[in-house]
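First comes the structure, then the notes that go with it.
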């Protein structure tokens, strides 16, 4: 059974988990600007919890293609405020912090204790991240990316997207294993330097990545691989998200990272009923 450790807890995947997204950003592709003050953040935390999420993922730096840079101080200030509210009102939920900056992770860890590190760069955007992760023991999500958020959609190219993503994830897990660290979650990085075709090829072979043996996180929620294919927009991509989340679970996903928690929880229940 796949598992990871968070503080003194061992999280075993007796069923897939749902990670609810809280973006404290002003320019995220779907909900930018919605959760920028205490009242709205608490409302969103309450919605995530009431809808049945297992994990809250808090991000303060939009990683949509071409997003504007956010200073380290600004990102830390936003995260510090939101993480404090999450721990105050929903300490029973697992906490994940979405950042690629090692200094931010280190400061938040000193203030708030253990959480999951959700690094969309797979350690490629901060050379100090892997060493800190190995020292701290915090669970670490390795995400595949080609380039950076500003450049990743500038004509992404692969010889074989499935083999290349697997090779990247293997290289990064090996680098962490060499540091005697194995508290790892994998994310193939849908939309991070991939065309719509690349994304569907990757989803179709997701079971191959699941065979790597680590918990597998999927973040497809309302992304362009859905709304570009259906010629719509993020606001009208919930149905497509539900379809793809279902396929991802059938192909071995352990965690669904989503904007719409209630619908993802229902997907998990249905897929689990099929398995029984």
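Where a number appears in this text, it was derived from the coordinates with a stated rule and is not lab data. Note that the structure is predicted; figures quoted are calculated from it, not measured. Note that we place each Cβ from the backbone using ideal geometry, even for glycine, and neighbour counts take in every protein chain shown.
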Could you list 220, 11 so that the one with the fewest beta carbons within 10 Å of its beta carbon is first and the one with the most is last?
11, 220
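Which whole-number percent gives the relative contact order of region 12-275, counting Cα pairs below 8 Å spaced six or more residues apart? Spell out each step's value before the answer.
On the way: 464 pairs, mean separation 51.9, N = 264.
This gives 20 percent for region 12-275.
Normalized C-alpha radius of gyration of region 161-276, against 2.2 N^0.38 Å?
Working: Rg = 14.7 Å, N = 116, 2.2 N^0.38 = 13.4 Å.
That works out to 1.10 for region 161-276.
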If the elastic network links every pair of Cα atoms under 10 Å, which of 58, 247, 185 fluctuates the most in the Gaussian network model of the chain?
247
Region 3-22 versus region 55-122: alpha-carbon centroid distance in Å
17
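For the residues 178, 131, what sequence is obtained by ranking on other C-beta atoms within 10 Å, fewest first? Can you show the working numbers first?
On the way: 178 10, 131 14.
Lowest count first: 178, 131.
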Binned at 5 Å from 0, what are the whole-percent values of the Cα-Cα distance distribution for the chain, short to long?
1, 6, 13, 18, 21, 19, 14, 6, 1, 0
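Per residue of the chain, what 222 nm ellipticity follows from adding -39500 (n - 2.57) for every DSSP H run with n ≥ 4, rounded to the nearest 500? Write out the running numbers ahead of the final one.
Numbers: 10 runs with 113 residues, N = 276.
After summing the helix terms and dividing by residue count, I get -12500 deg cm²/dmol.
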Geometric extent, Cα atoms of region 31-148 - Rg, Dmax (angstrom):
13.9, 38
Projected label distance in nm at residue 178 and residue 3, using a 7 Å step from Cα toward the beta-carbon:
2.9
